[in-house]
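Everything on this sheet refers to the single structure shown next.
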Protein chains: 2
Amino acid sequence: MSGRLVIAGLGPGAGALVTPEVSAALSEATDVVGYIPYVARVAPRPGLTLHASDNRVELDRARHALEMACAGRSVVVVSSGDPGVFAMAAAVFEAAEAGPAAWRALDIRVLPGITAMLAAAARAGAPLGHDFCAINLSDNLKPWPLIEKRLRLAAEADFAMAFYNPRSKARPEGFAKTLNILQETCRDARPVIFARAVSTPEEEIRVVPLDRCTPEMADMRTMVIVGASTTRVIPREGAPFVYTPRSVPA
Amino acid sequence: MSGRLVIAGLGPGAGALVTPEVSAALSEATDVVGYIPYVARVAPRPGLTLHASDNRVELDRARHALEMACAGRSVVVVSSGDPGVFAMAAAVFEAAEAGPAAWRALDIRVLPGITAMLAAAARAGAPLGHDFCAINLSDNLKPWPLIEKRLRLAAEADFAMAFYNPRSKARPEGFAKTLNILQETCRDARPVIFARAVSTPEEEIRVVPLDRCTPEMADMRTMVIVGASTTRVIPREGAPFVYTPRSVPA
């Protein structure tokens, strides 16, 4: 019997944001593999084995999933958000490329999900309604000077920017440096959205002008979206709407 | 009775990619508003009025939706993909900002969807697994020199790039210029993904080295994803896997 491997995105947290395609894949799986809090979102049932592992062991987890699929199991690797955006899909392909040829011959499918930046943007309005970029601020896997170069070029390009993994206890200084660079480069009060734990009961959305942002406004559960120079705020009772117009005049 | 306005993303085409949140909003709507082919994806039912309009009338459509919501209707504006990415959400907020104060006091909610770039990336592997940008190549709403500037800066930043609206009959030359710029700037054979009509019966995925790309490989239904310098191709029987590793060595 030949196995299969699906890498599925569970979206940012709410069950109502899991696609029917992903729900169907989970209902057919024999094994679900992933980081502890994501596996905890999958309902146990007879015939399904849950394999939860800790953070920072992405390649081990990927190899385990590939081995099981090669042995004929129907394996789903779960990620939060979209598996292709700073998540497990790239790790699985890295492992497949470096591993035995049988891994590359497997039926491997990626099922997209609602990534955090789109869920966060939706809560605030439409800050990503014009050209934008997505940057992982963690320097675990790339040198900090590359992040800094990308921030400066993204500001020059006047992209709205979505930041994943802005800040952790182990790396509190990266987001402080990021804010310094953007405050120096942009020199304005464009809106910045701090969207924490979007679509979960702990959700918090704050909109803060760039010149008043401070590092502790973000933690590891926060998605940060920095507007472009054209991004607008519509004040109203409660949270404002934030959107980036579709047009830039000549 | 106070109305409400929901701006919902239908995903790229397949019903299995519509979130339960969006399906629930459609089931409660009194009116659905949108571009003809997107409204055609909503099942008619008693009590639901479908308002389909042609392309390029986004602001008229947005005002119509806001007026109906103000009159107490429960209105859903539908977009394909995610409504916040080059779609109707920004148009609704533009109309709301310029319109009567009552429009800004409305309950307006954006429901995210699977945007074309994430569906296309998933089909190919994980080309957006590292930092990336999204650029709308249409110059209907912004000057071409701004697009060109962004392309050059994005290449310098070594972002993977996702291009929406690469080419139309009315503007065949923009994508040709885009390819010229990238071929001159990047000077390599990094993979480019042409993903047409993803998740529909007409889906076609091609992976072509940048130095062999030609303009007619894209049309208005094509999502184009250009890899970063680090993006890798895993050849195999059938379509290759394309992914961008999570790491960049120092």
Review point. Which chain A residue puts its Cβ closest to the axis that rotates A onto B, and at what distance in whole Å?
Key: A:Cys133, 2
**Study point:** Share of Cα-Cα pairs in segment B:4-114 lying beyond 22 Å, as whole percent
**Key:** 21 percent
Check your understanding: Hey, for B:Ser2 with labels 7 Å out along Cα-Cβ, what do the inter-copy distances come to in nm, ordered shortest first?
Key -> 5.7
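Taking the radius of gyration and the Kirkwood hydrodynamic radius from Cα positions alone, what is the Rg/Rh ratio for chain B, to two decimal places?
Working: Rg = 19.6 Å, Rh = 19.3 Å.
Result for chain B is an Rg/Rh of 1.02.
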Check your understanding: Put a dot 7 Å past each Cα toward the Cβ at B:Lys169 and B:Thr49; how far apart are the dots in nm?
Key -> 3.2 nm
Point to revise | In Hz, Karplus ³J(HN,Hα) per residue of segment B:104-111 (6.51, -1.76, 1.60; θ = phi - 60°; x = Gly, Pro) | key: 6, 8, 5, 6, 10, 10, 9, 10
Review point. Counting only Cα, what are the radius of gyration and maximum Cα-Cα distance Dmax of the protein assembly as shown, in Å?
Key: 21.5, 64
**Study point:** Residues whose placed amide H lies under 5 Å from that of B:Thr49, excluding near-sequence neighbours
**Key:** B:Asp31, B:Val32
Review point. In whole Å, what three semi-axes, largest first, describe the equivalent ellipsoid of segment B:146-204 built from its Cα gyration tensor (square root of 5 times each eigenvalue)?
Key: 22, 15, 10
Exercise for review: Every other copy gets compared here: list the nm distances from the A:Trp144 label point (7 Å along Cα to Cβ) to its counterparts, shortest first, one decimal.
Suggested key: 4.3
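How much of the DSSP bridge set in segment B:117-243 is antiparallel, in percent, rounded to the nearest 5?
On the way: 17 of 24 bridges.
Among the beta bridges of segment B:117-243, antiparallel pairing accounts for roughly 70 percent.
Could you grab the relative contact order for chain B? Cα pairs under 8 Å, six or more apart, rounded to a whole percent. Write out the running numbers ahead of the final one.
Details: 507 pairs, mean separation 49.0, N = 250.
It rounds to 20 percent for chain B.
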Study note, to complete from the structure: re segment B:114-250: pairs of Cα atoms spaced beyond 19 Å account for a percent value of 46 percent
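With 10 angstrom as the radius, rank B:Phe241, A:Phe93 by how many other C-beta atoms surround their C-beta, starting from the fewest.
On the way: B:Phe241 23, A:Phe93 29.
Arranged by neighbour count, lowest to highest, B:Phe241, A:Phe93 become B:Phe241, A:Phe93.
Looking only at other chains, what is the average number of their beta-carbon atoms within 10 angstrom of each beta-carbon in B:95-105? Please report the intermediate quantities before stating the final value.
Values: counts 0, 5, 6, 0, 0, 0, 1, 0, 1, 6, 2.
For peptide B:95-105, the averaged partner shielding equals 2.
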Check your understanding: How far apart are the A:Ile36 label points across copies, placing each 7 Å from Cα toward Cβ, in nm, shortest first?
Key -> 5.6
Point to revise | Lysine pair count for the protein assembly as shown [Cα-Cα under 23 Å; pairs on different chains or 8 or more apart] | key: 9
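Considering every residue in B:238-250, what mean count of other chain Cβ atoms within 10 Å of its Cβ is obtained?
Details: counts 1, 0, 1, 8, 1, 10, 5, 7, 15, 5, 5, 3, 6.
Partner-chain Cβ atoms within 10 Å, mean over residues of B:238-250: 5.
Go ahead and run the numbers for FRET between A:Gln183 and B:Glu184, Cβ-Cβ distance against an R0 of 35 Å, rounding to 0.05.
Numbers: r = 34 Å, r/R0 = 0.97.
Efficiency for this residue pair is about 0.55.
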Practice item. Hey, for a label at A:Leu146 modelled as a point 7 Å past Cα toward Cβ, could you say which residues of segment B:127-144 have their backbone N under 17 Å away? Key: B:127-133
**Study point:** Computed over segment B:4-114: relative contact order in percent, which uses C-alpha pairs under 8 Å that are six or more apart
**Key:** 43 percent
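The numbers here are math on the coordinates, done by the rules we state, and not lab data. Predicted, not measured: the structure shown is a model, and the values here were computed from it. Cβ sites come from the backbone with ideal geometry, for glycine too, and all protein chains shown count toward neighbours.
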